[in-house]
Amino acid sequence: MTPFTAELIGTMLIILLGNGVVANVVLKGTKGNNSGWIVITTAWAMAVFVGVTIAGSVSGAHLNPAVTIGLAVAGKFPWESVPSYISAQMIGAMLGAFLVWVFHKDHFAITEDEGAKLACFSTGPAIRKASSNLISEIIGTFVLVFVIFHFADPNITLNTDTTAKIGLGSVGAIPVTFLVWVIGLSLGGTTGYAINPARDLGPRIMHTILPIKGNSDWSYAWIPIAGPIIGATIAAALYMVLTH
């Protein structure tokens, strides 16, 4: 398996299982309907565990453009490999979202709430205020990326080999699982904690393409793209200041 394939499959599985739990909770008639936020945040964390387990030994399991960019900013990942990683993450996210729709197709058909159906693909704010929503995504992603830097083994050479075991894949999947879980529980309630541009943009594109009634809310879409990138960049800058 190549790093591109690992990032694609890992991200696909995260979205299948992560957005899959949202579908299980919010779509009409499922066994998990109305089971709540704890179920969603826990399954999202476990979804990350699955994705990192698959991709960690091959690509370092970034599975998130914000992580890839943050590592590149900090000099821990080559910039020339960034487009390939992000492309794989986007394709994987779109495929994962498509599989969520296939799996829950009958429940999408009987669910009248268009907002609930969109939530199975992309994030949205609890209170729509662009500045506050952006800050939420910046802070959430800052925590994600800053802590990931401290997962990396300092004895590993990180800046030359595109298959170096860096970031999410450096010490295995369990620490990242708990990290994503606590971000969801503590910081996820305002925007749904995208903290990953591909996680939001890829599924939002699929929501637009697939025969699902409802607005894809493209006016909001820039926030879960810009916020995570800004947060990751700040995390990288602070990490470099503190370690040099």
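The values are calculated or read from the model by the stated rules, or taken from the named source; none is laboratory data. Computed from a predicted structure; not experimentally measured. Heads up, the Cβs are rebuilt from the backbone with ideal geometry, glycines too, and the neighbour counts pull from every protein chain shown.
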Where Ser186 falls short, out of the listed (1) at pLDDT 95 or above; (2) outside any helix (DSSP H, G or I); (3) out of contact with any Ser or Thr (no Cβ under 9 Å at 6 or more places or on another chain): (2)
Hey, Ile166 at pLDDT below 80, in contact with a Gly (Cβ under 6 Å, 6 or more places away or on another chain), within 18 Å of Ala236 (Cβ to Cβ) and of a type in the set (A, V, I, L, M, F, W, C) or not: yes
By residue number, the members of the range 70-93 that are of a type in the set (D, E, K, R), in contact (Cβ under 8 Å) with a residue 24 or more places away in the chain and assigned to a helix (DSSP H, G or I) are none
In the range 224-235, which residue that is buried (at least 24 other Cβ atoms within 10 Å of the Cβ) and among the aliphatic types (A, V, I, L, M) is farthest from the chain's Cα centre (by Cα)? Ala235
Can you confirm whether Thr30 is surrounded by 15 or more Cβ atoms within 10 Å (Cβ to Cβ), part of a loop (DSSP other than H, G, I, E, B) and modelled with pLDDT of 95 or more? yes
For the range 213-232, what are the residues that are in a helix (DSSP H, G or I) and either over 30 Å from Phe98 (Cα atoms) or free of Cβ contacts under 8 Å to residues at least 60 places away in the same chain (or both)? Ile225
Do we find a residue being part of a loop (DSSP other than H, G, I, E, B), crowded, with 24+ Cβ neighbours inside 10 Å and within 16 Å of the chain's Cα centre (by Cα) anywhere in the range 195-212? yes
Pairing a residue in the range 233-244 that is more than 18 Å from Phe151 (Cβ to Cβ) with any residue that is surrounded by fewer than 20 Cβ atoms within 10 Å (Cβ to Cβ) and hydroxyl-bearing (Ser, Thr, Tyr), where Cβ atoms lie under 6 Å and the two sit 6 or more apart in sequence or on different chains, gives none
